[in-house]
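To start, the structure itself, in C-alpha cells.
The values are calculated or read from the model by the stated rules, or taken from the named source; none is laboratory data. Predicted, not measured: the structure shown is a model, and the values here were computed from it. Don't worry about glycine lacking a Cβ; one is built from the backbone with ideal geometry, like all the others, and counts go over all protein chains shown. The area values use the complete protein model at the heavy-atom level, side chains included, leaving out ligands, DNA and RNA. Shrake-Rupley method; radii C 1.70, N 1.55, O 1.52, S 1.80 Å.
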Amino acid sequence: MTNKYNNVYIKNTYTIGGIYESQGPLKKYFDRLYDQNMYFGEKSFEKAEIKLLKDNISYLLKKVNFQESDIDLLISGDLENQIAASDYAARNFSIPFLGIFNACATSGEGLIIGANFVDSKRAKNCIVSTVSHNMTAEKQFRNPTEYGAPKHKTSTFTVTGSASILLSNEKSKVKIESSTIGKVIDLGITDVNHMGAVMAPAAADTIYRHLTNLKRKPEYYDLILTGDLGFYGKKILIDYMKEQYHMDLSKVYDDAGTIIYNLDKQPVLAGGSGPCCSALVGFGYYFKQMEENKIKKILYVPTGAIFSPTLTFQKESIPAIAHAIGLEVTNK
Amino acid sequence: MSSELLLNIYATWLHLPRKESGVLVILTLIILSSVLTAIGIFDFLVQKFKSALIIPITGFAHSMTSAALEYKNEGLVLGIGANIFKLAGTVILYGVVAVYIFGLIRLLIIGG
C-alpha cells in the first residue's frame, strides 16, 4: 500500500546518542550526548532507557517551544517486552499515546501512522518517538550483559539512543511526501546472528513496490537509506535487488547501520541495529543535511526483524518487515 | 597450563597432596573469575580468549556471576534466585545425567 501526502511536514527533531554513538562519526549531529555511562543516573538499564525517551520528548517540546497541550498525539515504540520503555515514559506526559512495535522498523511504522493522522487533518501536531538501549536489548534477546559471549562477525550492535520527530501540518523545510507499508517477508532464515540477511528481502520488496507504485526509478531519490542491515546485509540487498527485481541501487543506496559507527575502529561487528539506528541517522544526520539543502530527496526504509526469542528456540524462521517513507525538501 | 603451575605451587608451598591442592586450584579459579566478572573485565577477556575461558570452570563461575549481576535489580528471590542458573543450569543438568550414564557403563563393564 503506497500513499502520497500533501501537507505532512517535519517541524523538528531531537536526537540523543549514547557512549558508542558519541565515539562514532555522527557525534556532532546529535542534539545531546549521554556519554558518561550506560545508566544515565538510573538504577537499572531498563530505567535508563525510560529516562532516555522521557528526556528526549521533553527536550523536543522545549526546542520547539511547545506545551504538552499543543501535541495531539504521541506515537512511540521500543524493543523491550510490552514496549515498556515507551509506556513508562509516556506516563510522564499528558498527551494521547499510541504504543507500537515493529522491532527496528518502529520509527517507520510511527511515521506512517502519524503522517496519516496529520494528512487527514485529525491531528495538527504529532510526535513520533523511538528509543533503544544496547544493554536492555542484549538482556532481552541474548545472554546476560556481563557474559560477553563471543559473537559472529555478521551480528550487529544495538544502538543506544532515542529520537523524536515532530510531524505538523504547518509548512516547514522537510515534508513527508509518500509512504509504502511493508509486507512481512520470511525466506526461512533461522540464524539470529545474521539479521542483515533476514531483513534484506523485506527491504527489497518494499523498495521495489514503492518505486513501481509511484513509477519512479531509484535515481529519483538522492539517497535510499535502509535501517540496520549492516555491512553484509547491505551487499545482500544490492545483489538481491539486481537478481530479483533487475534494479541497480548501488549508486544511491546506503545503510544507516554502517554510517552510525566507524566499523573499522569500533567493536560493533557488522554495524549498528535497533529501532534508533535508522532514526538517529535519518533524523539526526540526514534531516539536518536536508534543512541545509545539501540533499533533496531521501527514501527512508527502516528494516525490522520482528522475531520472538521463544519462537526462535522453537525452530521457527525469522519474519522481517520494512516500511518506506519518502522525504523531500520543500521550497520554503 | 596456568592451572598446572598453580597446582604445583600449592603442592610445594603448602605441602599438600596433588589431589587436595587441585581443589584449591579450582576454588582460586572460581573466585578469580567471579571477581573479574563483577568488576567488568572478564567479558573483555572472553572476547579475546573465547573458549579457553568459557569451557573450564572459569566459564561456569562467570555464567553464574553475570546472571546474578544482571538480575540483581529484580530482587533476591525472583531476580537472582530464579535466574542465577539461567546459563549454568543446563550444564548442571546434563553434567549429572552424563555422570549417571557413564557411571552405570563403568559399573557394568569394569564392575565399579
Query raised in the report: So which of B:31, B:26 ends up being more than 12 Å from chain A (Cβ to nearest Cβ), open to solvent by 90 Å² or more (accessible area, probe 1.4 Å) and either in contact (Cβ under 8 Å) with a residue 12 or more places away in the chain or under 30 Å from residue A:37 (Cα atoms) (or both)?
Result: B:31
Query raised in the report: What tally of residues in region A:143-154 results from selecting those that are part of a loop (DSSP other than H, G, I, E, B), within 11 Å of chain B (Cβ to nearest Cβ) and charged (D, E, K, R)?
Result: 1
Query raised in the report: Hey, does region A:129-136 have a residue that's without any contact (Cβ under 8 Å) to a residue 24 or more places away in the chain, within 25 Å of residue A:18 (Cα to Cα), within 13 Å of chain B (Cβ to nearest Cβ) and polar (S, T, N, Q)?
Result: no
Report summary line: Taking region B:1-20 and the residues there that are among the polar types (S, T, N, Q) and more than 19 Å from residue B:61 (Cα to Cα), the one that is surrounded by the fewest Cβ atoms within 10 Å (Cβ to Cβ) would be B:12
Requested in this report: Filter region A:182-197 for residues that are of a type in the set (A, V, I, L, M) and under 17 Å from residue A:151 (Cα atoms) and give the result.
Outcome: A:192, A:195, A:197
Report task. Just name the residue that is most open to solvent (accessible area, probe 1.4 Å) out of those in region B:52-70 that are more than 8 Å from the chain's Cα centre (by Cα) and more than 9 Å from chain A (Cβ to nearest Cβ). Result -> B:55
Requested in this report: Would you point out which residue out of B:95, B:111 is exposed (fewer than 10 other Cβ atoms within 10 Å of the Cβ), over 28 Å from residue A:48 (Cβ atoms), free of Cβ contacts under 8 Å to residues at least 40 places away in the same chain and away from every other protein chain (no Cβ under 13 Å)?
Outcome: B:111
Requested in this report: Would you mention how many residues in region B:71-81 are within 11 Å of chain A (Cβ to nearest Cβ) and either open to solvent by less than 60 Å² (accessible area, probe 1.4 Å) or not in a helix (DSSP H, G or I) (or both)?
Outcome: 2
Report summary line: Screening B:85, B:44, B:49, B:102 for residues that are hydrophobic (A, V, I, L, M, F, W, C), free of Cβ contacts under 8 Å to residues at least 24 places away in the same chain and surrounded by fewer than 11 Cβ atoms within 10 Å (Cβ to Cβ) leaves only B:102
Report task. Test residue A:47 against the stated conditions and say whether it is farther than 30 Å from residue A:206 by Cα and not in a loop (DSSP other than H, G, I, E, B). Result -> yes
Query raised in the report: Do you know which residues across region A:92-118 are in a loop (DSSP other than H, G, I, E, B) and out of contact with any Lys or Arg (no Cβ under 9 Å at 6 or more places or on another chain)?
Result: A:94, A:95, A:96, A:100, A:101, A:102
Query raised in the report: Does region A:48-55 contain at least one residue that is touching a strand residue (DSSP E or B) at 6+ places or on another chain (Cβ under 6 Å) and among the hydrophobic types (A, V, I, L, M, F, W, C)?
Result: yes
Query - Given (1) over 19 Å from residue A:5 (Cα atoms); (2) at pLDDT 95 or above, index of the condition residue A:214 fails - result: (1)
Query raised in the report: Within the set of pairs 6 or more residues apart or between chains, which connect a residue that is of a type in the set (Gly, Ala, Ser) inside region A:144-161 to a residue that is in a loop (DSSP other than H, G, I, E, B) and modelled with pLDDT of 80 or more with Cβ atoms less than 6 Å apart?
Result: A:155/A:193; A:155/A:269; A:161/A:18
Query raised in the report: Here are A:111, A:74: which of them is outside the structural domain of residue A:280 (by TED's automatic domain parsing), touching a Phe, Trp or Tyr at 6+ places or on another chain (Cβ under 6 Å) and of a type in the set (A, V, I, L, M)?
Result: A:74
Report summary line: If we ask which residues in region B:39-50 are within 8 Å of another protein chain (Cβ to nearest Cβ) and either within 9 Å of residue A:146 (Cα to Cα) or part of a helix (DSSP H, G or I) (or both), their number turns out to be 6
